[in-house]
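Okay, structure first, notes after.
The values are calculated or read from the model by the stated rules, or taken from the named source; none is laboratory data. Note that the coordinates shown come from a computational prediction; the quantities given were computed from them, not determined experimentally. Here Cβ is always computed from backbone atoms with ideal geometry, including for glycine, and neighbour counts include all displayed protein chains. With ligands, DNA and RNA removed, areas are computed over all heavy atoms of the protein, side chains included. Shrake-Rupley method; radii C 1.70, N 1.55, O 1.52, S 1.80 Å.
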Amino acid sequence: MYIAIYDENKNHISNIDYASYDLTQRVYDLDTFTAVGVCADDTNDAALAILNDDYGNCNYACLVDSIKAEGRKRTVKGLDFKTLWDTEILLDFTADNSFDGKLSALFNRVKQAVFATSDAMVNKIPVDVIIPTDNTDTTDVYGSYQGQYIITNAYKFLKCYLKYYEYNIESTYDVSIGKILFCFVKNTDIIDVGLNDFIYELTTTSSATNKTVATIKYDTSTPAVDAEGNIIFTDVQKIDSNGNPVFNEDGTPAYEPKHQARPSTLATIHYYRTRNNEIIQADATGTIDGRIYPVKSKLYEKEYLSDAQFDAVYELANSRYVDNIIIDNNVTIDPIDFGIYSLYTKVRLYYEGRLYKILPISEKITSLNASGKNVKIKLGFKKILLTEIIKK
């Protein structure tokens with residue numbers, strides 16, 4: 001294996017030979033890549049690292065975070081291309097009919113906000129983004145942003161839609177055209193695996209949120225009115241900042257208005273996560289199949305209902321597939337090569353012939369050193385420490 005190093009102008013600087021590496025590829029969080037190899041050239045201007053096999057085939061590509069030189073030894077720390085999406089943007093839907101709730105239209109709107117910019121440095125290394133047409137109406141779940149503008153982190157905004165609709169962003173670098181390529185992918189592949197055939201580690205949790213409620217923030221200072229729309233006042237006289245009574249212009253006492261109680265009719269939407277990891281919008285009774293007990297709920301309120309809906313769905317999307325199974329691809333009873341499967345491939349897990357769970361491939365952990373190549377996969381999205389995943 002060797003690592004081809006390029007500068008930000010896409011010029012080839014040198015190769016780092018005899019490379020060993022550790023690579024963790026993740027569905028939503030940033031990948032991590034570190035490598036060690038040999039090179040005699042100056043690599044201070046490195047911007048891109050392309051990991052190739054001995055035949056020149058690209059195995060992985062990323063930005064260069066740093067290269068440490070110790071004599072001819074080079075230690076490379078990579079930076080996932082997805083970091084280019086980790087930037088704040090303005091999404092303006094205040095113009096008439098400027099909001100399109102179709103899923104691919106939203107993806108394209110974020111792409112334009114990130115990369116179609118007058119800042120030339122953003123596209124110093126050119127970027128192509130491939131977004132398949134998907135006319136799924138997102139307003140059924142998230143509501144409409146028409147009439148609003150949003151200042152948000154682009155990747156955080158995207159992740160809510162990516163997680164709910166089960167997309168992920170794949171990236172690579174095409175040396176022949178000198179471009180970083182992003183592709184929005186919805187992986188529908190499913191494979192069957194018998195746990196008896198593998199050496200595996202299982203951790204599970206049942207404490208994740210399984211119900212969220214989105215509603216409109218209410219101003220408790222709203223005055224109460226009578227049937228004719230006149231403000232209803234209390235018999236408590238207003239006082240100024242010095243504690244002195246306040247009077248009207250005609251000299252009569254000014255009284256505090258009666259405050260309107262929070263209406264029970266405020267727009268409120270309920271979401272539920274089922275045992276099958278579906279996210280379902282239903283009424284307050286939650287009478288749907290597969291409800292999880294005990295109920296763990298979170299409430300979100302915002303000035304705009306669509307903002308509260310965004311947070312409510314994102315919470316449940318983050319709570320899906322929270323079991324963890326770590327499978328060592330090199331320690332199997334009946335070998336299956338997980339290395340050939342893409343991230344977010346669904347895995348139907350069977351234990352003693354019965355369906356146990358369905359979990360997606362969330363991470364692929366690849367190491368190459370003097371002992372050979374080792375691949376582990378993580379199923380599910382439960383947050384655990386790296387030391388819990390890789391046993392020395």
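Scalar couplings 3J(HN,Hα) for region 347-363, obtained by applying the Karplus form with A = 6.51, B = -1.76, C = 1.60 to θ = phi - 60°, are 10, 7, 9, 10, 10, 6, x, 10, 5, 9, 7, 10, 10, x, 6, 9, 9 Hz; x denotes Gly and Pro.
Is it possible to state the helix-based mean residue ellipticity at 222 nm for the chain, with each DSSP H run of 4+ residues giving -39500 (n - 2.57), the sum divided by total residues, to the nearest 500 deg cm²/dmol? What is it?
Numbers: 5 runs with 47 residues, N = 392.
Counting only the DSSP helices, I get -3500 deg cm²/dmol.
The alpha-carbon of K373 sits under 15 angstrom from the alpha-carbons of these aspartates and glutamates, leaving out residues fewer than 8 places away in its chain: D22, D53, D54, D328, D337.
Wrap a convex hull around the Cα atoms of region 1-130, take a quarter of its surface area, and give that in square nanometres.
Values: hull surface 37.9 nm².
In nm², the orientation-averaged hull projection of region 1-130 is 9.5.
Put simply, the amide H of K298, placed in the peptide plane, has neighbours under 5 Å in K211, T212, V213, leaving out anything fewer than 5 places away on its chain. At a probe radius of 1.4 angstrom, the accessible area of the chain per residue rounds to 53 square angstrom.
With a Förster radius of 25 Å, plug the Cβ-Cβ distance of L90 and I288 into 1/(1 + (r/R0)^6) and report the FRET value to the nearest 0.05. Numbers along the way, then the final one.
Working: r = 37 Å, r/R0 = 1.50.
My answer for the efficiency is 0.10.
In terms of the Cα gyration tensor, with a ≥ b ≥ c the square roots of its eigenvalues, is region 228-273 rounded because a/c is under 1.5, prolate because a/b exceeds b/c, or oblate? Mind showing how you got there, number by number?
Values: a/c = 5.11, a/b = 2.55, b/c = 2.01.
Prolate is the answer for region 228-273, as a/c is 1.5 or above and a/b outweighs b/c.
In summary, the convex hull built on the alpha carbon positions of the chain has an orientation-averaged projected area of 29.4 nm².
The count of lysine pairs in region 180-311 whose Cα atoms are under 15 Å apart, excluding pairs fewer than 8 places apart on the same chain, comes to 5. In order along region 179-191, the Karplus-derived 3J(HN,Hα) couplings, from 6.51 cos²θ - 1.76 cosθ + 1.60 at θ = phi - 60°, round to 9, 7, 10, 10, 9, 7, 10, 10, 8, 10, 5, 9, 10 Hz, and Gly and Pro are given as x. Counting only lysines at least 8 places from K179 when in the same chain, those with an alpha carbon closer than 16 Å to its own are K10, K82, K111, K124.
Where does each of 81-89, 7-15, 159-167 land if you order them by average Cβ count within 10 Å, highest first? Spell out each step's value before the answer.
Values: 81-89: 17.4, 7-15: 14.6, 159-167: 20.1.
Result, highest mean Cβ count within 10 Å first: 159-167, 81-89, 7-15.
When you count the other C-beta atoms within 10 angstrom of each residue and take the mean per peptide, 360-370, 128-138 line up highest first as 360-370, 128-138.
For region 17-96 and region 107-148, what is the separation of their Cα centres, given in Å? Centre-to-centre (Cα) distance: 24 Å.
The value of relative contact order for the chain, using C-alpha pairs under 8 Å at least six residues apart, is 16 percent. When each of the peptides 233-243, 345-355 is scored by how many other beta carbons lie within 10 Å of its residues on average, the order from highest to lowest is 345-355, 233-243. Of the solvent-accessible surface of the chain, computed with a 1.4 Å probe over protein heavy atoms with every protein chain present, carbon and sulfur atoms account for 48 percent.
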